[in-house]
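The structure under discussion appears below in the form of structure tokens.
The values are calculated or read from the model by the stated rules, or taken from the named source; none is laboratory data. Being a predicted model, the structure only gives us computed values, none of them experimental. Using ideal geometry, Cβ is built from the backbone for each residue, glycine included, and neighbour counts are taken over all protein chains shown. The area values use the complete protein model at the heavy-atom level, side chains included, leaving out ligands, DNA and RNA. Shrake-Rupley method; radii C 1.70, N 1.55, O 1.52, S 1.80 Å.
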Amino acid sequence: MPSFQHAGDAGDIIYSLPVVRFMGGGDFYLQAEDFTRVKMTPERVGMFKRLLEAQYYIGEVKFHYGRATSVDLNFFRTRMTDHLWDETLVEMHCRAFGVPETELDKPWINVEPRREADVIINLTPRYRNREFPWKEVYLKYGSRAAFVGSKDEHAQFVSHYGPIPHCDTKDLMDVAMVIKGSKLFIGNQSCPLAIAHAMHHPTFCEYSRNACNGMVRKINCTGTAGKNVELPDVI
């Protein structure tokens, strides 16, 4: 059975999983490298462990201490120089390893739902588009929404747009379950967005004008880099 290593940030790791599944799955080693925004540590592996090991095609998830693996998923970065603006992260992974993109037409993460709210919101400081109508989002969904993410991110959202409950999540499994339990996820380009994409969950995305990390594909996601949008109804 193959084994895999990846040193990416959280979203990179989620977007690598179609490659892992296509190659037959195996053990997954998370690697520390200086080129990532948040460097992996043995303790940080715990954030990923429950979610990844719950997928049928992944064995054990461990910290990478330099051992040899079958597949170095960091190879996807070879496409960044020429394709940073015209390929999404998941497309880079598939194309770097010759994986057919039909793999993206079926969810690559499955979890049980955890019911918190009809609409789950995440908003991080990175990859922002200042024209996105977050005030309208709050007016439309605020009474039916809850926030997933860090306490600081939640506090920033409340201070800018208004109060909504904060979901307590200890790792990415909890994040995925909360999103799965909702009717709609709304967020910017982040790890929770990657998880929503991976589950083909109904999603509305604030796309940055400065990065191509979103998913432009036949999954249940609508995105905009502008302000003239029609927010979906949630029944």
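As a ratio to 2.2 N^0.38 Å, the alpha-carbon radius of gyration computed for the chain takes the value 0.98. Per residue, the accessible area of the chain comes to 46 Å² when a 1.4 Å probe rolls over the protein heavy atoms. The helix-only estimate of mean residue ellipticity at 222 nm for the chain, built from DSSP H runs of length n ≥ 4 each weighted as -39500 (n - 2.57), is -8000 deg cm²/dmol after division by the residue total. One equal scatterer on each Cα of region 43-124, no solvent, Debye formula: the resulting log10 I(q)/I(0) at q = 0.18, 0.19 Å⁻¹ is -1.15, -1.22.
Packing around the peptides 32-43, 135-146, taken as the average count of other Cβ atoms within 10 Å per residue, puts them in this order, highest first: 135-146, 32-43. Close amide H pairs (under 5 Å, H built 1.01 Å from N) link Thr203 with Phe185, Cys221, Thr222, residues at least 5 positions away or on another chain.
Pairs exceeding a 30 Å alpha-carbon distance, out of Lys39/Lys140; Lys49/Lys106; Lys49/Lys151: Lys39/Lys140. Working ranking of peptides 111-119, 196-204, 95-103 by packing, defined as the average number of other Cβ atoms within 10 Å per residue, highest first, is 196-204, 111-119, 95-103. Net charge of the neighbourhood of Gly142, taken over other residues with C-beta under 12 Å away and scored Lys/Arg +1, Asp/Glu -1, is +1.
Here the 3J(HN,Hα) profile of region 110-127, calculated from phi with Karplus coefficients 6.51, -1.76 and 1.60 at θ = phi - 60°, is 10, 9, 7, x, 10, 6, 10, 6, 5, 10, 10, 10, 9, 9, 10, x, 8, 6 Hz, Gly and Pro shown as x. Between Ser190, Ser16, Ser150, the Gaussian network model of the chain with springs among Cα atoms under 10 angstrom shows the greatest mean-square fluctuation at Ser150. Which shape class, rounded, prolate or oblate, goes with region 98-166 when its Cα gyration tensor gives a ≥ b ≥ c as root eigenvalues, a/c under 1.5 marks rounded, and past that a/b bigger than b/c marks prolate? Here region 98-166 falls in the prolate category. This model, with +1 at the C-beta of Lys and Arg and -1 at the C-beta of Asp and Glu, gives region 1-120 a dipole about its Cα centre of some 380 debye.
When the chain is treated as a GNM, springs tying every alpha-carbon pair under 10 Å, which of Gly149, Gly66, Gly25 comes out with the largest mean-square fluctuation? Maximum among the listed residues: Gly66. Computed from backbone phi with θ = phi - 60° and the Karplus coefficients 6.51, -1.76 and 1.60, the 3J(HN,Hα) list for region 76-93 is 4, 5, 5, 8, 5, 4, 9, 10, 4, 9, 10, 10, 7, 4, 6, 5, 4, 4 Hz; x is used for glycine and proline.
Counting only protein heavy atoms and a probe of 1.4 Å, the accessible surface of the chain is 50% carbon and sulfur.
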